[in-house]
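Undergrad: Sharing a structure with you now.
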Amino acid sequence: MVRKPTPAEPDLGLSVPWNKQDTVEAAAGLGRGEDVERRTFLALSGAALTAPAHQWLVHEPESLTSTLRSGSRIPAGLADRLPPMIAELRRMDDVAGGGAMLSLAQQEFSWVTALLNRATYDEATGRKLYAALAELGQLAGWAAYDDGQYGLAQRYCIIALRAAHSAGDRPLGAHILGCMAQQSTQQGNPTEAVTLSETALAGAGHGAPASLLAVLYERQAEGLARLHEARACMVAIDKAQTLVERMQPSDNPPWLYWVSRASFLLCSGRALTKLDRADRAVPLLEEGAQLLGDIYPRDRQLALIRLAEALVRPGEQQDMEAAAHHGMKAIWIAESLTSGRGVQRIRELEQQMAPHATLPAARDFMERARELAVR
């Protein structure tokens with residue numbers, strides 16, 4: 001049963017009907033709630049988190065022509081200028097972290113919401129505006145997640161899912177569900193993550209790009225790894241690998257610009273580590289980190305932490321000196337980012353290295369990690 005919001009916690013799209021007007025009203029409510037304390041946005045789990053995915057899957061979108069609006073008519077050219085702006089926000093998030101970019105994404109999200117709420121537009125322009133709202137909601141949700149605001153991240157993602165539904169953009173909606181699945185896995189809700197990723201795969205639509213399907217199988221694999229369902233996890237990884245090998249980066253949608261062989265290797269390595277197969281994970285993580293390079297600083301930081309975690313695990317691959325070395329490089333990158341998620345991952349690595357604190361390299365890393373955490 002879906003948990004009802006408390007008086008201190010507005011509905012914000014959790015249970016209102018799936019139509020364009022309620023989506024816009026929920027988006028406007030979230031915009032007004034930007035300054036609400038984080039504790040009012042409780043993290044969701046169970047049916048409260050997966051029910052929107054089911055609604056997205058089964059409902060048909062409405063017509064998007066606006067009627068009886070008091071505002072001026074939106075020219076089609078304005079909607080066409082939104083994608084480049086959103087692309088630039090994504091690049092800012094890559095190099096600065098979610099904490100530095102969240103407020104800007106929220107502002108743009110609220111601005112597009114106001115256009116949909118007050119202006120007049122035709123069907124084609126309406127689809128572009130709802131798609132832009134979906135992308136901005138996903139981006140704000142991802143930034144909030146990276147900043148450690150998990151409940152707020154979920155609210156943005158749910159409204160983004162509704163907006164993608166209104167736009168009639170099935171692949172974009174499936175991508176948003178994939179983001180929700182990844183966040184659920186990392187927050188200790190792998191069962192919900194598997195449900196979200198499987199729903200996304202079921203509803204992605206005919207002709208969905210190979211890059212999207214690969215990412216969704218990766219998200220499924222991550223959840224299955226946390227559930228220790230090794231066989232099913234490996235099947236999902238194999239499906240993702242087949243798709244990665246046949247995809248062309250030029251065919252990637254703008255919101256999947258980052259999908260590559262490197263991202264696949266890093267996801268697979270992380271899943272294998274969770275399956276206690278760190279010996280098989282290390283080569284994948286090493287290659288993935290090398291292919292990633294320095295283009296995406298935050299992703300590189302997380303890749304180095306994943307590699308260090310695999311090297312800390314018991315087994316033939318264990319190498320505490322190398323783990324500490326990679327951890328130190330991750331700290332150096334984290335000092336130039338505003339990413340609560342990145343700092344949290346470093347703290348988790350510090351805890352994993354604690355049993356080896358007598359080793360000088362491990363001890364030096366742990367001291368630097370504590371210094372970073374208190375800044």
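Undergrad: Confirm whether Leu304 is under 21 Å from Gln182 (Cα atoms), open to solvent by less than 20 Å² (accessible area, probe 1.4 Å), of a type in the set (A, V, I, L, M, F, W, C) and in a helix (DSSP H, G or I).
TA: For Leu304, the condition - under 21 Å from Gln182 (Cα atoms), open to solvent by less than 20 Å² (accessible area, probe 1.4 Å), of a type in the set (A, V, I, L, M, F, W, C) and in a helix (DSSP H, G or I) - is met.
Undergrad: For the stretch 266-303, give me each residue that is within 19 Å of Glu335 (Cα to Cα), of a type in the set (Lys, Arg) and without any contact (Cβ under 8 Å) to a residue 60 or more places away in the chain.
TA: Within the stretch 266-303, just Arg300 meets the criteria.
Undergrad: Still on this structure, I have one more. Within the stretch 202-225, track down each residue that is touching a residue at least 12 places away in the same chain (Cβ under 8 Å), surrounded by fewer than 21 Cβ atoms within 10 Å (Cβ to Cβ) and more than 14 Å from Thr50 (Cβ to Cβ).
TA: Of everything in the stretch 202-225, those that are touching a residue at least 12 places away in the same chain (Cβ under 8 Å), surrounded by fewer than 21 Cβ atoms within 10 Å (Cβ to Cβ) and more than 14 Å from Thr50 (Cβ to Cβ) turn out to be Gly205, Ala208, Pro209, Ala210.
Undergrad: Kindly indicate whether any position in the stretch 139-146 is among the small types (Gly, Ala, Ser), more than 19 Å from Pro83 (Cβ to Cβ) and surrounded by fewer than 24 Cβ atoms within 10 Å (Cβ to Cβ).
TA: No: zero hits.
Undergrad: Scan the stretch 76-93 for residues that are open to solvent by 10 Å² or more (accessible area, probe 1.4 Å) and among the acidic types (Asp, Glu) and jot them down.
TA: If the condition is that a residue be open to solvent by 10 Å² or more (accessible area, probe 1.4 Å) and among the acidic types (Asp, Glu), then Asp80, Glu88 are the ones that fit.
Undergrad: State whether one or more residues within the stretch 244-253 are farther than 27 Å from Gly168 by Cβ and within 21 Å of the chain's Cα centre (by Cα).
TA: So far as the stretch 244-253 goes, yes, one or more of its residues are farther than 27 Å from Gly168 by Cβ and within 21 Å of the chain's Cα centre (by Cα).
Undergrad: Mind listing whichever residues of the stretch 319-375 are farther than 25 Å from Asp279 by Cα, open to solvent by 80 Å² or more (accessible area, probe 1.4 Å) and not in a helix (DSSP H, G or I)?
TA: Selection gives Ser336, Val374, Arg375.
Undergrad: I would also like to ask the following. What are the residues in the stretch 13-33 that are modelled with pLDDT under 80 and either open to solvent by 60 Å² or more (accessible area, probe 1.4 Å) or under 23 Å from Ser197 (Cβ atoms) (or both), if any?
TA: Gly13, Leu14, Ser15, Arg32 - these are the residues of the stretch 13-33 that are modelled with pLDDT under 80 and either open to solvent by 60 Å² or more (accessible area, probe 1.4 Å) or under 23 Å from Ser197 (Cβ atoms) (or both).
Undergrad: I've got another one for you. Take the stretch 102-128 and flag every residue that is touching a residue at least 60 places away in the same chain (Cβ under 8 Å) and open to solvent by less than 50 Å² (accessible area, probe 1.4 Å).
TA: Within the stretch 102-128, Gln106, Phe109, Ser110, Thr113, Ala114, Leu116, Gly126 qualify.
The values are calculated or read from the model by the stated rules, or taken from the named source; none is laboratory data. Nothing here was measured: the structure is a model prediction, and the numbers come from that model. For neighbour counting, all protein chains shown are included, and Cβ atoms are generated from backbone atoms with ideal geometry for every residue, glycine included. To get the accessible areas, we keep the full protein, side chains included, count just its heavy atoms, and leave off ligands, DNA and RNA. Shrake-Rupley method; radii C 1.70, N 1.55, O 1.52, S 1.80 Å.
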